[in-house]
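Novice: Encoded as C-alpha cells, here's the structure I'll be asking about.
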Amino acid sequence: MQELIRQFGKILHQITQHKWAWPFMDPVDVEGLGLHDYYEIIKNPMDFSTIKKRMEAKDVSSYKHVREVCADVRLVFKNAMKYNDEKNDFHVMARTLLDKFEEKWLQFLPKVTEEEKKLEEEDAEAQLNIQLAQEAAYAKMARDISSELYEADMHLDQLREQLVQRCRKMSTEEKRQLSIALTRLSTDDLSRALDIVAQSNPEFTANTEEVDLDIDAQSESTLWRLKVFVKDALQTQSQGKPSASPGGVDNNENKNNNNNNVNSTSKRKREICDALAKTAKKKSKKVP
C-alpha cells in the first residue's frame, strides 16, 4: 500500500503542475483575503501542501491507505466549489482539475483494487493462523489438564490404598450387623449399596433377578465404605416424615394406593434382602 501511495504521488504531481493549480497549493489565507465566513462554510480545509506533508510523514499522521490521499485531493476541489459559486473562476478551476483527477484515478484504480484483494487474503490467512494457534493452545491445555487429572486420580488411588491398609479389619459381628442393616435400606439406597460392591468387584452383577452377596468375600475398603453409606442412609430414612393425605381424600384409600406402589417396586428388594439374610444367618452359625 505504501508503494501505491508513492505511485499516486505521480498523479498528484501532474495535477499540481497544471496552470490552474496554484490557488490550491497552500492553505487559504482567510485573514489576508478577508474571508470571514470561510470556516463557517468549510469545516475541513485542505490543500496540496498539507497532502504532500502527510504523504512524506513517518509518524502517525501519515496516510495508511491510498484512498485516504484520494479523498483529501477531492476535498481540496470540493471545498473551493462549495465556497465559490459556479460562475466564480476558482469554482471553474476546481471543477476542471477535479475532472482531470477523476480520469487519472479511474486508470489507477485497478491497482488499488488488486492490492486491496491481496490485503484481504493476507488478513484472512493471518486470522486463520491465529485461530489455528488458539486451537492448538486449547488442545495443549486440554491435554495438560487431562494429564493432571490422571495424576490426581492415581494419587487418590494411592491414598485410598494407604487408608485401607491402616484401617482395622471388620469383625465378624460387625459384618453380621452390616448384613442386617443392608436389609433395612430403601430400594434406591440398596441399589446404591450394591453399586459400591460392584466398583470393587467387576464380576459382581447388581442388576440380576437374584443377588448372592458374600460379605466375607468383600475387601476391607468395600466393607467400610458400605458401613459409612448404610449408616448415613438409615439416618436419612429415620429423619424422613410420612407424607400427609391431601384434603378430601380418604386415608384408607391413600394407604391402599401407597401399598400398591410399594408392592410394585419392592419385589427386587425382598429378593435381595432374602439373599443377604440367608448369608448373614450362615455366617452367624459359624460364630462360636
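The values are calculated or read from the model by the stated rules, or taken from the named source; none is laboratory data. Just so it is clear, the model here is predicted, and its values are computed rather than measured. Note that each Cβ is placed from the backbone with ideal geometry, even for glycine, and that neighbours are counted across all protein chains shown. Calculation scope for accessible area: heavy atoms of the full protein, side chains included, ligands and nucleic acids excluded. Shrake-Rupley method; radii C 1.70, N 1.55, O 1.52, S 1.80 Å.
Novice: Before we move on, is Ser200 small (Gly, Ala, Ser), open to solvent by less than 60 Å² (accessible area, probe 1.4 Å) and out of contact with any Lys or Arg (no Cβ under 8 Å at 6 or more places or on another chain)?
Specialist: When the stated conditions are applied, Ser200 passes them.
Novice: Something else: Could you list, in sequence order, the residues of the range 18-33 that are in a helix (DSSP H, G or I) and either aromatic (Phe, Trp, Tyr) or touching a residue at least 24 places away in the same chain (Cβ under 8 Å) (or both)?
Specialist: Residues satisfying the conditions are Trp22, Pro23, Phe24.
Novice: In addition: Applying the selection to the range 23-35, what residues are exposed (fewer than 12 other Cβ atoms within 10 Å of the Cβ) and within 12 Å of Tyr83 (Cβ to Cβ)?
Specialist: Leu33
Novice: Go through the range 36-60 and count every residue that is open to solvent by less than 90 Å² (accessible area, probe 1.4 Å) and in contact (Cβ under 8 Å) with a residue 24 or more places away in the chain.
Specialist: 10
Novice: For the range 160-171, which positions are assigned to a helix (DSSP H, G or I) and open to solvent by less than 80 Å² (accessible area, probe 1.4 Å)?
Specialist: Val164
One line per residue, one yes/no per condition, for (1) closer than 27 Å to Arg67 by Cβ; (2) of a type outside the set (A, V, I, L, M); (3) touching a residue at least 40 places away in the same chain (Cβ under 8 Å):
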| position | (1), (2), (3) |
| --- | --- |
| Tyr83 | yes, yes, yes |
| His91 | yes, yes, no |
| Ala94 | yes, no, yes |
| Leu97 | yes, no, yes |
| Lys118 | yes, yes, no |
| Asp123 | yes, yes, no |
| Asn129 | yes, yes, no |
| Ala139 | no, no, no |
| Glu148 | no, yes, no |
